[in-house]
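The values are calculated or read from the model by the stated rules, or taken from the named source; none is laboratory data. Since the structure is predicted, the reported quantities are computational estimates derived from the model, not experimental observations. A quick note on method: Cβ atoms are made from the backbone with ideal geometry, for glycine too, and the neighbour counts reach across all protein chains shown.
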Amino acid sequence: MRFPVTAWVSILHRLSGAFVFLLIPGVLWLLQESLASETRFLSLQKTLGHPAWKMFIWLIFSAIVYHSAAGIRHLGMDLHWGDSKKAARASAWIVLSLSFSLILWGTYKIW
């Protein structure tokens, strides 16, 4: 059995949402640390320059980008925009290509 592209977009939307939800405490902690003082900010900036942390930031960015794009698609479908099989398939491909393009752009900016 092969999943259609619409199923993959939906499954990845759920997974990226769970990933973003689980990382909210870590992201809030990073924000808190960066706002605590200038010395903590500079220390955090130096720490986040490490490739492992850059990978972590890239994963968060990628998950947020994909989840947002797929979420807009799902909201549109809830409003019955693009309900047909053909339109749903086209919007799924648009979400994948748009997300991939934005993630590539983010990769360039982060690394």
- With criteria (1) out of contact with any Lys or Arg (no Cβ under 9 Å at 6 or more places or on another chain); (2) modelled with pLDDT under 95; (3) not hydroxyl-bearing (Ser, Thr, Tyr), Ile110 comes up short on (1)
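Matching residues to (1) at pLDDT 95 or above; (2) of a type in the set (Phe, Trp, Tyr); (3) out of contact with any Pro (no Cβ under 9 Å at 6 or more places or on another chain); (4) under 18 Å from Gly106 (Cβ atoms):
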| site | (1), (2), (3), (4) |
| --- | --- |
| Phe21 | yes, yes, yes, no |
| Ala36 | yes, no, yes, no |
| Ser43 | yes, no, yes, no |
| Phe56 | no, yes, yes, yes |
| Ser62 | yes, no, yes, yes |
| Ala70 | yes, no, yes, yes |
| Ala90 | yes, no, yes, no |
- Find all pairs meeting these conditions: Cβ atoms under 8 angstrom apart; at least six residues apart or on different chains; first residue within region 42-69 and under 13 Å from Gly26 (Cβ atoms); second residue part of a helix (DSSP H, G or I) and of a type in the set (Lys, Arg). Leu48/Lys54
- Task: Report yes if Gly26 is assigned to a helix (DSSP H, G or I) and either among the small types (Gly, Ala, Ser) or in contact with a Pro (Cβ under 8 Å, 6 or more places away or on another chain) (or both), otherwise no.
- Result: yes
- Query: Can you find a residue in region 3-19 that is surrounded by fewer than 11 Cβ atoms within 10 Å (Cβ to Cβ), part of a helix (DSSP H, G or I) and out of contact with any Leu (no Cβ under 7 Å at 6 or more places or on another chain)?
  - Reply: no
- Message: Show the residue pairs meeting these rules: Cβ distance below 9 Å; 6+ apart or different chains; first residue within region 19-36 and touching a residue at least 40 places away in the same chain (Cβ under 8 Å) and among the β-branched types (Val, Ile, Thr); second residue surrounded by 10 or more Cβ atoms within 10 Å (Cβ to Cβ) and part of a helix (DSSP H, G or I).
- Response: Val20/Val27; Val20/Ile60; Val20/Ala63; Val20/Ile64; Val20/His67
